[in-house]
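The values are calculated or read from the model by the stated rules, or taken from the named source; none is laboratory data. None of these values were measured; they are calculated from a predicted model. Glycine also receives a Cβ, built like all others from the backbone with ideal geometry; neighbour counts cover every protein chain displayed. Surface accessibility is based on the protein's heavy atoms, side chains included, excluding ligands, DNA and RNA. Shrake-Rupley method; radii C 1.70, N 1.55, O 1.52, S 1.80 Å.
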Amino acid sequence: AKANGRGRVELFTAKLARAAAGRAELERDLRIALERGEFVLQFQPQIDIGSGAAVVAEALVRWAHPDRDMVLPGTFVPFAEETGVIVELGDWVMDRVCQTAAEWAQAGLTQRIAINISTRELAQVDFFMRLRHAMARHGTPAEALELEITETLAMEMEARLLDQLHALRKDGVRIAIDDFGTGYSNLSRLKDLPVDRVKIDRSLVEDITLSAEARTICSAVIGLIQGLGLETVVEGVESQDQVDMLRIMGCAVFQGYHLSTPLNEEDYLARFAPSRLG
Ligand code: C2E
Ligand code: CA
Ligand code: CA
Ligand code: CA
């Protein structure tokens, strides 16, 4: 029994060592990919259904791995957050977004670019300074940027960060709460946060065409957000039936495959800012 026990322990530590090696390897791969410039951004529009115009482009990172299909962030962003590589990756995203947003503004586009900010990035003491440096480097107007902060992160934000977020918003950067409806919100806190818009998570809308209960919940959430004077954006919209129902509930801005998948910059501009090309 003793030998057996030790065997099990050895097996376990060997497994741990292998897992650790795999993790170290992935962390190294991510850093190398950054050095080699293998990350790319795609842009997904938020469409104002009344005018048909794109109002915001959400920047979404992808890893254009040389011998794999485009790797989606779900497979590396959580890991990058755990290891801290997200700080470097986030800096790269921030730099690319600030440059692109400056170029779009210069071309006369009024669309903002939204950037996803993770907990780990925001926890860096110099996060806001780095963002302001990136904006200064490229001459990015504050009005051309939006930050997406998840509901959970927004609810837990400490005073020091909130002050800086308030200041940034005062300068003209829009703030959006991401994935709303997936966390546990202290709803009375929502009204005190420096926020312009709330992105309603896909999980809240995926069943609205099938279930009356889903409709009731979705409609109540929308009413609450709009009652606080905040703009709603619905994420993960996959059908016209959803759009029709959500319009009746008072929503005007939609993001999702039904409107467009994320696109590279060239394709995005060709489709959502055609007159500005060339
Ligand atoms: P998110 O911020 O909630 O982004 C929306 C995700 O939903 C994107 O996945 C988008 O491609 C996908 N999506 C859009 N429309 C639809 C739809 O109609 N149906 C469905 N099923 N999905 C839709 P993606 O690009 O794979 O990104 C996943 C997550 O990775 C993002 O979720 C975000 O949390 C994170 N992420 C992406 N880019 C960045 C980044 O630059 N920095 C950080 N920190 N996180 C990022
Ligand atoms: Ca987002
Ligand atoms: Ca989201
Ligand atoms: Ca998310």
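Name the shape class, rounded, prolate or oblate, that the alpha-carbon gyration tensor gives for the stretch 150-268, where a ≥ b ≥ c are the square roots of its eigenvalues, rounded holds for a/c under 1.5, and otherwise prolate holds if a/b is larger than b/c and oblate otherwise.
Oblate, because a/c is 1.5 or more while a/b does not exceed b/c.
Using only DSSP helix segments of four residues or longer, with each worth -39500 (n - 2.57), what per-residue ellipticity at 222 nm results for the chain after dividing by its residue count and rounding to 500?
It comes out at -15500 deg cm²/dmol, rounded to the nearest 500.
Let me make sure I get this right: for the stretch 67-214, a, b and c are the square roots of the gyration tensor eigenvalues over alpha carbons, sorted descending. Under 1.5 in a/c it's rounded, otherwise prolate if a/b > b/c, else oblate. Which is it?
Taking the square roots of the gyration eigenvalues as a ≥ b ≥ c, the stretch 67-214 is rounded.
How would 272, 76 line up by accessible area, probe 1.4 Å, largest first?
Listed by decreasing accessible area, they come as 272, 76.
How large is the accessible surface per residue of the chain, computed with a 1.4 Å probe and reported in Å² as a whole number?
So the chain comes to 51 Å² accessible per residue, rounded to a whole number.
Could you give the size of the charge dipole of the stretch 59-136 about its Cα centre, using +1 on the Cβ of each K and R and -1 on the Cβ of each D and E, expressed in debye and rounded to the nearest 20?
Once rounded to the nearest 20, the dipole reads 260 debye.
List the residues of the stretch 117-140 whose backbone N lies under 15 Å from a point placed 7 Å from the Cα of residue 189 along the Cα-to-Cβ direction.
119
Placing +1 at every Lys and Arg Cβ and -1 at every Asp and Glu Cβ, with all other atoms neutral, what dipole size does the chain have around its Cα centre, in debye to the nearest 20?
Dipole about the Cα centre, nearest 20: 640 debye.
Find, among the trypsin sites (Lys or Arg not before Pro) in the stretch 183-221, those assigned to loop by DSSP (not H, G, I, E, B) with at most 11 other beta-carbon atoms within 10 angstrom.
191
Leaving ligands, DNA and RNA out of it, rank 75, 140 by accessible area with a 1.4 Å probe, largest first.
75, 140
At a threshold of 8 angstrom on Cα-Cα distance, excluding pairs fewer than six apart, so keeping six or more, what relative contact order does the stretch 190-248 reach in percent?
For the stretch 190-248, the relative contact order is 44 percent.
If a helix is a whole DSSP H run, which ones in the chain reach 20 Å or further along their own axis (Cα) and hold a mean Kyte-Doolittle hydropathy of at least 0.0?
Long hydrophobic helices here: 85-106, 212-227.
Evaluate the distance, in nm, between pseudo-label points positioned 7 Å from the Cα of residue 162 and of residue 248 along their respective Cα→Cβ axes.
A separation of 3.9 nm, rounded to one decimal place.
For the pair residue 106/residue 216, report the inter-label distance in nm, with labels modelled 7 Å from Cα in the Cβ direction.
Distance between label points: 5.5 nm.
Starting from the Cα of residue 258, step 7 Å along the direction of its Cβ; do the same at residue 99; then give the gap between the two resulting points in nm.
With each label placed 7 Å out from Cα toward Cβ, I get 3.7 nm.
Only bridges with both residues in the stretch 86-188 count here: give the DSSP antiparallel percent, nearest 5.
In the stretch 86-188, approximately 0 percent of DSSP beta bridges are antiparallel ones.
Gap in Å between the Cα centre of the stretch 129-168 and the Cα centre of the stretch 246-278?
First find each Cα centre; the distance between them is then 24 Å.
Just how large is the dipole of the stretch 150-269 about the Cα centre, in debye to the nearest 20, putting +1 at every Lys and Arg Cβ and -1 at every Asp and Glu Cβ?
540 debye
Run the numbers on the chain and let me know its relative contact order in percent, using alpha-carbon pairs under 8 Å that are six or more apart.
Normalised by residue count, the contact order of the chain is 17 percent.
Show 188, 211 ordered by accessible area, largest first, where the area counts protein heavy atoms only and the probe is 1.4 Å.
Putting 188, 211 in descending order of accessible area: 188, 211.
Can you tell me which of 117-127, 224-234 comes out highest on packing, and rank the rest after it, using the mean Cβ neighbours within 10 Å?
Top to bottom by mean Cβ count within 10 Å: 224-234, 117-127.
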